[in-house]
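We did not get these values from a lab; they are worked out from the coordinates using the rules stated. Here the structure is a predicted model, which is why all the values come from computation and not from measurement. Reconstructed Cβ throughout: ideal geometry from the backbone, glycine too, with neighbour counts over all protein chains shown.
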Amino acid sequence: MLGRDRTRETQLDLCVDALLRGDDWRLAISPAAAASPEMNGLVAVARWLIELARRTPRDNGRVRETVWGRVAPQLDSHPPSRRTSAPAALTPAGA
Amino acid sequence: MTALAVERSPHLRLVLEAGARDDRWFADLYRDTFDSAFRFAVMLTHDHHLAEEVVAEAYARAWKNRLRFNGRSELAWLFAIIRNRAIDEFRLRRGTVDLDHVPEKEDESPSLLGELAPEHVAALRDAITHLTDEQQQVIFLRFYEGLSHDAVAERLGKNGNAIRAIQFRALLRLRRILLGVSHARS
């Protein structure tokens, strides 16, 4: 049972990977698995989630700055030390 | 104090880690997590203004409770705080929140879910709020952030198999909830 569950979980994961890449999910798993009603049903939900996520905009920096302005005064070293100056905290990760 | 002593004493390690949670640690946490934290809050609240409120209070709470963090996954810890804060907001606005009494249906018609129409968006958003804490975290990182299951596992301090299992159960639950809603409407 555990093995079967693990297989279905892996198959679904491969389908989600394909959907996120914009590929045909049916090509990511075996034809038999792609034909299963369960997999079709779960992939339908996955497609909705991807579409919903796409419609959810990211912060353009305004909220990051506003929230930091509210949180920073609560830090022990308020006004924040040079190490925790706004530019450091307000630079998005990876920027 | 030697590295060996720290290695042999989990308690000592926690004390040292807790001591390192200064304002610099917090600024780094904020820098590294804000974008995800805010979008996670939007996913839960469906409201940008409310999400801003929730995330501001969550970071304030994270700072206040930083010594209670167990050191496994900062992001999972922060997400849990955001979720609790969002639930508090819903309680204030709706009176009560009952996460257990959600209509669910066994899968009878796999083709029931077609394209995501405007009327489906609210149902899907609402269904997401009925997932467990860890299911919401995985759904967010996987679908909203587009991370691989390995990357999600790393962010949440879990292994890849656990992430795949959580993802499977989350999608199954969402489908059952959505079918339940659909049946209730028809």
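Placing pseudo-labels 7 Å out from each Cα toward the beta carbon at B:T132 and A:D5 gives an inter-label distance of 1.0 nm.
Remark: the range B:30-35, residue by residue, has Karplus-estimated 3J(HN,Hα) of 4, 4, 7, 10, 4, 4 Hz, where x stands for each Gly or Pro and the curve is 6.51 cos²θ - 1.76 cosθ + 1.60 at θ = phi - 60°. Here r is the Cβ-Cβ distance between A:N60 and B:A151 and R0 is 25 Å; the resulting FRET efficiency, rounded to 0.05, is 0.55. For the range B:117-160, the C-alpha radius of gyration divided by 2.2 N^0.38 Å, with N the number of residues, is 1.30.
Set the Förster distance to 41 Å, then compute FRET efficiency between A:D24 and B:N65 from the Cβ-Cβ distance, nearest 0.05. About 0.35, to the nearest 0.05. Pair-distance distribution of the range A:1-50: all C-alpha pairs, bin width 5 Å, starting at 0; shares per bin in whole percent are 5, 23, 34, 26, 10, 3, 0.
Working note: Karplus 6.51/-1.76/1.60 with θ = phi - 60° gives the range B:137-145 the couplings 5, 5, 4, 5, 5, 6, 9, 7, 8 Hz, where Gly and Pro are set to x. From least to most packed, judged by other beta carbons within 10 angstrom and beginning with the fewest, B:F168, B:F143 follow the order B:F168, B:F143. Counting other Cβ atoms within 10 Å as a rough exposure proxy, the listed residues B:K64, B:K158 run B:K64, B:K158 from fewest neighbours to most.
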